[in-house]
Amino acid sequence: MPVPANALLFVSAMLFTIGVVGVLVRRNPLVIFMSIELMLNAVNLSFMTFANALHSVDGWIFVFLVLSVAAAEVVVGLAIIVSVFRTRQEIDVDDFNTMKG
Amino acid sequence: MAFTYTITAGDWGHIAPQLTLLGVALLVMVIDTMLPARLRGGLVIIALLGVLSAAASALLVAQLGGAPSAFFGMITSDGLAIFSMLVILGATALALLIAPGYIERQGIHQQGEYYALVLLAATGMLLMSTASNLMMIFLGLELLSLPLYVLCAFVPGQQIAQESGMKYFLLSSFASGFLLYGMALVYGATGATGLTQIHAFVASHMPLDSSLAPLLLVGVVLIVVGLAFKVSAIPFHAWTPDVYQGAPTPVTALMSVGTKTAALVALARILVVALGPITSQWQPLLIALAILTMLGGNLLAATQTNVKRMLAYSSIAHAGYLLIGIAVGTNLGLAAMIFYLAAYGIMNIGAFGVVQVIERSVGFGTELDRFRGLGARQPWLAGAMTVFLLALAGIPGTVGFVAKYAVFSAAVLASHPELTIVGVIASMISFYYYLRIIWAMYFELNPEGDPATQGARAALGAQGTPPLMVESSGQSAVIAAKSVSMRQPIALGAMLSLGLAVLATIILGILPGPLFELARQAVGLP
């Protein structure tokens, strides 16, 4: 028996919400970044569900694009996080307060 | 299902500007590895030639006409696309011109990477402003964001720049998540990702029934939230001041104009073009965003003492004026918006261009104090800054006034006078902080003493106390010792860029007719 589309959309919405909450409450950039990836993958689940329900290929292609872009983002993001860590030896976002106003 | 679509030469022709920039970016990177270090400054010339040929090919695409869309409706090259491409390419050229002097002073050695990344970011901006499919909009957005993350953090070992890059990266990908979820919901509601198909679906399902409306409207709200982050509309602006302040100034200049142009054109395509049938549903949201952004941006800018940071808030305020063009939901609004984008590009890059001459190290040394007495020390530089600030404030005779007039009159004609009233009040607030800088340049004394006597003292050399500059921010003693004279040298490229921007600000302010006519034609108005 196929899983009903509504259930999949519900799971996707839950995952997205967990990701958003993670970004807002966690203080380590790596964990924040993981939460963002969770949001993107929740969106992918939505795209797949809609593509199946609507019998359209657009959703699948969109998922491929999101996956490859997310991979590129990991490369750039981790590079920036590493370079920050090299200069400051700590990466808690609460300490990123050089600029104010 | 069978997929029978063949890519023709015409398709490639439509993305010739993007391909040109991409090719030149790769070329710059390859040549960089072959050149000896002392010749690498010449790379900026290759990059500029690339931007110029991309602009030429954009004009060629416009001349040739033909089918307005390519690649199965993924890309469009209508008037809106051509106009915004030219705005972006012009902004890129001006931002490239001010880069070499800055790069040299900040001791950035990886010039090849810098220019290649700027060109790649510009490629993404072009792609986003020509996209006519949700996928391409997302892809363009990411292609412009990824190089900008790196460029923000480009100065090695400089904490403030890294902080800027990290903040931009985290908040921007967070916003991308919202944008994507919105796109997924719109796709789920309409079954299409192409903007024309979405338009056709929505138009044929009016009025929206209760099964469709929630999905579509939540999707639209999420898309607006995601793109509002990129155009830094209040309340999604929190990243802007920090990122703009910490990034290298030529990058800030490019980011403030290019990203806004691309994101606003994409937003306009989604809302006004694709979702035109449900204008009444999204309009209140956009009006609220525009009002909050105009008032908030100007009020926050008035409290700043760092000029670069103040310009960041001022760019938020200008995003508010620009949003009026979309919020009114008419073609005239769009014409006013793209005209405003062209004007904003010229005057804002000019202002950041002056700031980068003044700036001592990334993120520091652009306090208002640095502008005191600039009128006496460097009258030409101060004069250029005055022109840009007056234009940003919207004084008649400058292009800024014409742009504001176009946007406000579009709001009145679409019977939204409340937007005009708030806009005018917000502009009056903005006079305070723009004129504050002009006042400092001409009517306040330089706190570090008269430069002429300083020079004489240095020449005598008998005092034993070199005129060291004292500054509140740390780490400045070394830099202060380095800058022997208070007169900041202006690199040739920066001079050219500032001169062009001043000329354009004044000429387009007096004779705005032809450009505005182009903007009207671009959105299909007679």
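Any read-out appearing in this document is the output of simple, stated calculations on the displayed coordinates, not a laboratory observation. Here the structure is a predicted model, which means the values were calculated and not measured. Glycine gets a Cβ as well: all are built from the backbone with ideal geometry, and neighbour counts include every protein chain shown.
Descriptive notes on the structure:
- Across chain B, the mean sequence separation of Cα contacts (distance under 8 Å, 6 or more residues apart), normalised by length, yields a relative contact order of 15 percent.
- As a rough guide to protection, the peptides B:512-518, B:339-345 ranked by mean Cβ packing within 10 Å, highest first, stand as B:339-345, B:512-518.
- Exercise: per-residue mean of other protein chain Cβ atoms within 10 Å, A:67-77: 4
- Hydrodynamic estimate: the Kirkwood radius of chain B over Cα pairs, inserted into Stokes-Einstein at 20 °C and 1.002 mPa s, corresponds to D of 91 µm²/s.
- Sequence of B:Asp78, A:Asp94, B:Asp242 once ranked by neighbouring C-beta atoms within 10 Å, starting from the fewest: A:Asp94, B:Asp78, B:Asp242
- Loop chymotrypsin sites (Phe, Trp or Tyr not before Pro), the range B:1-60, which have at most 12 other Cβ atoms in a 10 Å radius of their Cβ (DSSP): B:Phe3, B:Tyr5
- When only the Cβ of Lys, Arg, Asp and Glu is charged (+1, +1, -1, -1), the dipole of the range A:27-101 relative to its Cα centre reaches about 120 debye.
- Shielding by other protein chains, A:79-88, mean Cβ within 10 Å: 5
- Judged by the ratio a/c of the largest to the smallest principal axis of the C-alpha gyration tensor, the range B:257-330 counts as oblate, that ratio being 1.5 or greater while a/b is no larger than b/c.
- Viscosity 1.002 mPa s, temperature 20 °C, Stokes-Einstein D of the range B:1-159 from Kirkwood C-alpha radius, µm²/s: 130 µm²/s
- Put in line by how crowded their Cβ is, counting other Cβ atoms within 10 Å and starting with the fewest, B:Val422, B:Val354, B:Val243, A:Val75 read A:Val75, B:Val422, B:Val243, B:Val354.
- Total lysine pairs in the protein assembly as shown at Cα distances under 23 Å, for residues eight or more apart or on different chains: 13.
- Mean separation of Cα pairs under 8 Å and 6 or more residues apart, divided by the residue count, gives chain A a relative contact order of 26 percent.
- Dipole of the protein assembly as shown, positive end: most advanced residue of B:Gly23, B:Val243, B:Pro284 [Cβ charges, Cα centre]: B:Val243
- All-pairs alpha carbon distance profile, the range B:140-285, 10 Å steps from 0, percent: 12, 40, 26, 16, 6, 1
- 222 nm mean residue ellipticity, helices alone, for the protein assembly as shown (DSSP H n ≥ 4; -39,500 (n - 2.57); rounded to 500): -24000 deg cm²/dmol
- Ordered from longest to shortest, the equivalent ellipsoid semi-axes for the range B:254-402 are 32, 15, 13 Å, each the square root of 5 times a Cα gyration tensor eigenvalue.
- Other protein chain Cβ atoms within 10 Å, averaged over every residue that makes up B:161-167: 6
- Basic side chains Lys and Arg get +1 at the Cβ, acidic Asp and Glu get -1 at the Cβ, and with that the dipole of chain B about its Cα centre reaches some 640 debye.
- In this structure the amide hydrogen of B:Glu367, modeled in the peptide plane, comes within under 5 Å of the amide hydrogens of B:Val307, none closer than 5 places in sequence on its chain.
- Judged by the gyration tensor of its Cα atoms, with axes a ≥ b ≥ c, the range A:5-99 is oblate; a/c meets the 1.5 cut and b/c is at least as large as a/b.
- For B:Ser430, the shell of other residues with beta-carbons less than 12 Å away shows a net charge of +2, using +1 for Lys and Arg and -1 for Asp and Glu.
- Helical segments meeting 20 Å axial Cα length and Kyte-Doolittle 1.6 threshold in chain A (DSSP H): A:5-25, A:58-88
- √(5λ) per eigenvalue of the Cα gyration tensor, the protein assembly as shown, largest first, Å: 41, 27, 24
- Fewest neighbouring Cβ atoms within 10 Å first, the residues B:Glu113, B:Glu163, A:Glu90 line up as A:Glu90, B:Glu113, B:Glu163.
- With K and R counted +1 and D and E -1, the other residues having a Cβ less than 10 Å from that of B:Ser173 yield a net charge of -3.
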